[in-house]
Amino acid sequence: MSLHASSSSASSSASSSSSAPSSAGEAALVRYGWDEGWAAEFGPYGEQGLLAGRVVRVDRGQCDVVTAGGVLRADTAFVTPHDPMRVVCTGDWVAVEPGGNPRYVRTYLPRRTAFLRSTSSKRSEGQILAANVDHAIVAVSLAVEVDLGRIERFLALAWESGAQPLVVLTKADLVPDPVALSYLVQDVETAAPGVPVLAVSSMAGEGLDALLAAVSGGTSVLLGQSGAGKSTLANALLGEEVMEVRAARDVDGKGRHTTTTRNLLALPGGGVLIDTPGLRGVGLWDAESGVGQVFAEIEELAGGCRFQDCAHLSEPGCAVLAAIDSGELPERRLESYRKLMRENQRIVAKTDARLRAEIRRDWKRKGAEGRAAMEAKRGRWG
């Protein structure tokens, strides 16, 4: 069944179900990542007669949920807090009412991983892009000059999420010289230590088998800026034209947002894929650990610096600067490391300031309520 098909038949089937999925229904959910751990987490909700399901799409206060009986539409009004990081998102496992018009999502199960970025708002809030992800595929187009700094930024978010990242160089058919393509892969590998880098041509079908083998059996999120070829890559992995494809501009390789929502789709060989809209802005969100993993060689070198608080600027005995002088470490890597660390520190500081301000407002509100209660009490006994 298409994940975007009408859910009327699925709704009637799901309504007749109760508690935990049947063996046949559970087998259907296994395709979307259901396992013993999720079954244990869901147990108390199944006893209440709620249905287990996974969110495959969220759109304006509603979501599509795949259940043992098929795909149904549910309202998220009961799980829409003010904190944008706690809203239901694509990839969540949820407990849904078995019937009703509308029917509601009652809760989502604790997330194993969460892919976060900062929003562009002045409130310095985080935004959740996808939940319960095993692999983060960073799509990078070879139609334009490769931006290593942007790759490092995506990888920092991916590592921080708890997922295993991999970089996919799309449109490899535009680089017909195998030697030149090999050099491009090696160049990207310098920005992605410990991360597989694959060159793929969706049009020619090259590299797809290796990519499918790398992500089979898990949940993968497809990331990249507009025009990176994500929708074309998604269609190639799915084996059918599911996502709309538009041409990117030749001048900068950027395209319009072909994908406007995050969709979770089952892969034919096992596993699921979450396709996301192109991300023009990729702000870090409390990603110090992720940045550290992207620049693992710098963090390792820093352990040999003379001073523990070495900023790697001009301090004597700096092992990082010595590595740059010897050619062991590219200077570009250190500059990118500093940039991402500074950005992350600013976000953390803004967030801490916002939380402190909210706590102060809460204190003032409680103080005002207490004073009002005391005044009312005095009025009664005066």
Return yes or no: is Cys63 surrounded by 23 or more Cβ atoms within 10 Å (Cβ to Cβ) and either under 17 Å from the mean Cα position of the chain (by Cα) or in a loop (DSSP other than H, G, I, E, B) (or both)?
no
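Find the residue count for the range 33-60, including only residues that are within 18 Å of the chain's Cα centre (by Cα) and either more than 14 Å from Leu265 (Cα to Cα) or small (Gly, Ala, Ser) (or both).
Looking only at that region, the number is 2.
Where in the range 122-193 are the strands (runs of 3 or more DSSP E), entirely inside, with at least 2 residues that are farther than 25 Å from Asp286 by Cβ and not polar (S, T, N, Q)? Explain how you work it out, then say what you get.
Details: elements: 126-131, 135-141, 164-170.
The qualifying strands (runs of 3 or more DSSP E) are 164-170.
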I'd like the full set of residues that are in a strand (DSSP E or B), out of contact with any helix residue (DSSP H, G or I) (no Cβ under 6 Å at 6 or more places or on another chain) and among the hydroxyl-bearing types (Ser, Thr, Tyr), limited to the range 86-107.
Thr107
Provide a single number: the residues in the range 215-230 that are closer than 21 Å to Asp173 by Cα and either part of a strand (DSSP E or B) or more than 14 Å from the chain's Cα centre (by Cα) (or both).
7
Suppose we keep only residues that are without any contact (Cβ under 8 Å) to a residue 40 or more places away in the chain, hydrophobic (A, V, I, L, M, F, W, C) and over 9 Å from Gly53 (Cβ atoms) within the range 66-96. Which one would you say is surrounded by the most Cβ atoms within 10 Å (Cβ to Cβ)?
Val88
Residues being in a helix (DSSP H, G or I) and within 20 Å of the chain's Cα centre (by Cα): count how many of those fall in the range 66-81.
1
Filter result (of a type outside the set (Val, Ile, Thr), out of contact with any helix residue (DSSP H, G or I) (no Cβ under 7 Å at 6 or more places or on another chain) and closer than 14 Å to Asn101 by Cα) within the range 64-85
Arg73, Ala74, Asp75, Ala77
For the range 232-274, give me the residue count where each residue is out of contact with any strand residue (DSSP E or B) (no Cβ under 7 Å at 6 or more places or on another chain), modelled with pLDDT of 55 or more and among the small types (Gly, Ala, Ser).
4
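Give the number of residues within the range 191-200 that are at pLDDT 95 or above and more than 19 Å from Ser220 (Cβ to Cβ). Break it down stepwise before answering.
Looking only at the range 191-200, we keep the residues that are at pLDDT 95 or above, and these are 191-192, 195-200.
Keeping just the survivors that are more than 19 Å from Ser220 (Cβ to Cβ) gives 191.
Summing the residues that are at pLDDT 95 or above and more than 19 Å from Ser220 (Cβ to Cβ) in the range 191-200 gives 1.
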Yes/no for Ala214 being at negative phi, in the same structural domain as Glu241 (by TED's automatic domain parsing) and touching a residue at least 40 places away in the same chain (Cβ under 8 Å)
yes
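The values are calculated or read from the model by the stated rules, or taken from the named source; none is laboratory data. Given the structure is predicted, the values throughout are model-derived calculations rather than measurements. All Cβ positions, glycine included, derive from the backbone under ideal geometry; neighbour counts span all protein chains shown.
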